[in-house]
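S.K.: Got a structure here, written out as structure tokens. Questions coming.
The values are calculated or read from the model by the stated rules, or taken from the named source; none is laboratory data. Note that the coordinates shown come from a computational prediction; the quantities given were computed from them, not determined experimentally. Every residue, glycine as well, gets a Cβ built from its backbone with ideal geometry; the counts of neighbours run over all protein chains shown. In case anyone asks, the SASA skips ligands and DNA or RNA and just uses the protein heavy atoms, side chains included. Shrake-Rupley method; radii C 1.70, N 1.55, O 1.52, S 1.80 Å.
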Amino acid sequence: AYKYLGLTLTPTLSVARALTDFATKAKHKVISTLRALKKIGCADWEVFIQIFDTQVQPALLYASEIWGMTRVESVERVPLFALKRCLAISEKTPSMMVYGETGRFPLYVNAHRNCVRYWLRIISMREDKLPKQAYHTSVTLAEQGKQSWARKIKDALFRYGFGEAWFNQGVGDNGHFLREFSLRLRDCFQQDWHAKVESSDRFTDYRLLKSDFGICDHIKEIPPFMRGAFLRLRLGVSSLKCHANR
């Protein structure tokens with residue numbers, strides 16, 4: 001503890017606070033990137049996505065091997081913020097519409113994969129390694145029904161149909177298993193996307209235009225100066241009274 005202005009303060013370690021800070025810095029990075037691209041007259045979709053995936057996303061996924069099994073809203077909002085800014089659409093646009101139009105997946109898909117990849121690395125370590133010893137402690141807590149990192153890994157493996165890997169504490173081919181796990185995450189999200197689009201009244205008009213998940217050709221083909229207006233009309237977030245007064 002330390003004193004500041006006569007008050008005794010105790011510093012605490014908070015993953016949520018750190019991730020919120022990461023998200024804030026990532027938003028600033030997105031804004032500066034868009035400004036730089038605008039300055040040089042580049043509005044190409046693929047260029048922006050490549051910059052985001054190589055410069056912004058790794059920062060958001062920092063240490064996701066530890067926290068990645070928890071979906072953090074402050075982190076998940078950053079890719080949506082970036083996509084909406086790049087496409088010049090309203091920030092109130094439903095997330096499922098943004099994902100469906102761009103064919104992008106939530107950040108937790110990569111975070112979950114990073115966690116499982118780290119789990120595979122730990123279970124292959126020697127018993128005298130500190131991470132392996134810490135893992136055994138985490139497993140013990142999980143067996144007692146308490147929350148722990150191992151418990152979250154276990155729940156995720158069973159949730160997505162890979163419970164056998166937990167029972168065996170290993171897989172045959174790590175690379176193949178990670179590819180299958182990532183594919184399962186994406187498939188589950190797409191099923192969830194279809195279910196929400198089909199069931200919600202908000203998507204009544206949208207599902208007449210969009211039935212399959214995946215990037216639409218118009219995002220790449222329509223000139224950037226027309227793309228925003230077209231998407232706002234298509235997604236029902238334009239300034240038309242039928243949209244604005246919904």
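S.K.: Suppose we keep only residues that are open to solvent by 30 Å² or more (accessible area, probe 1.4 Å) and free of Cβ contacts under 8 Å to residues at least 24 places away in the same chain within region 45-86. Which one would you say is farthest from residue 181 (Cα to Cα)?
M.R.: This residue is 47.
S.K.: Does residue 163 fit the bill of being of a type in the set (Gly, Ala, Ser), farther than 19 Å from residue 68 by Cα and over 21 Å from the mean Cα position of the chain (by Cα)?
M.R.: So residue 163 fails the test.
S.K.: Hey, can you tell me all the residues within region 181-202 that are part of a helix (DSSP H, G or I) and either at pLDDT below 90 or polar (S, T, N, Q) (or both)?
M.R.: Answer for region 181-202, where residues must be part of a helix (DSSP H, G or I) and either at pLDDT below 90 or polar (S, T, N, Q) (or both): 182, 190, 191, 199, 201, 202.
S.K.: From 235, 185, 178, which residue is in contact (Cβ under 8 Å) with a residue 12 or more places away in the chain and in contact with a Ser or Thr (Cβ under 7 Å, 6 or more places away or on another chain)?
M.R.: Answer to the check: 235.
Yes/no matrix, rows are residues, columns are (1) among the small types (Gly, Ala, Ser); (2) open to solvent by less than 60 Å² (accessible area, probe 1.4 Å):
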position	(1), (2)
150	yes, yes
157	no, yes
162	no, yes
196	no, no
199	yes, no
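S.K.: When residues of region 131-148 are filtered for being open to solvent by 60 Å² or more (accessible area, probe 1.4 Å) and among the basic types (Lys, Arg), how many remain?
M.R.: 1
Quick grid of which residues meet (1) within 19 Å of residue 105 (Cβ to Cβ); (2) open to solvent by less than 50 Å² (accessible area, probe 1.4 Å); (3) polar (S, T, N, Q):
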site	(1), (2), (3)
181	yes, yes, no
192	yes, no, no
207	no, no, no
211	yes, no, yes
214	yes, yes, no
226	no, no, no
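S.K.: A further question on this structure: Is it the case, given these coordinates, that residue 18 is open to solvent by less than 50 Å² (accessible area, probe 1.4 Å), at pLDDT below 90, within 28 Å of residue 68 (Cβ to Cβ) and of a type in the set (Gly, Ala, Ser)?
M.R.: Considered against the rule, which asks whether it is open to solvent by less than 50 Å² (accessible area, probe 1.4 Å), at pLDDT below 90, within 28 Å of residue 68 (Cβ to Cβ) and of a type in the set (Gly, Ala, Ser), residue 18 comes out as yes.
S.K.: Provide a single number: the residues in region 96-113 that are of a type outside the set (A, V, I, L, M) and under 12 Å from the mean Cα position of the chain (by Cα).
M.R.: The qualifying residues number 8.
S.K.: Further question on the same structure: Is it the case that residue 209 is touching a residue at least 40 places away in the same chain (Cβ under 8 Å) and out of contact with any Leu (no Cβ under 6 Å at 6 or more places or on another chain)?
M.R.: no
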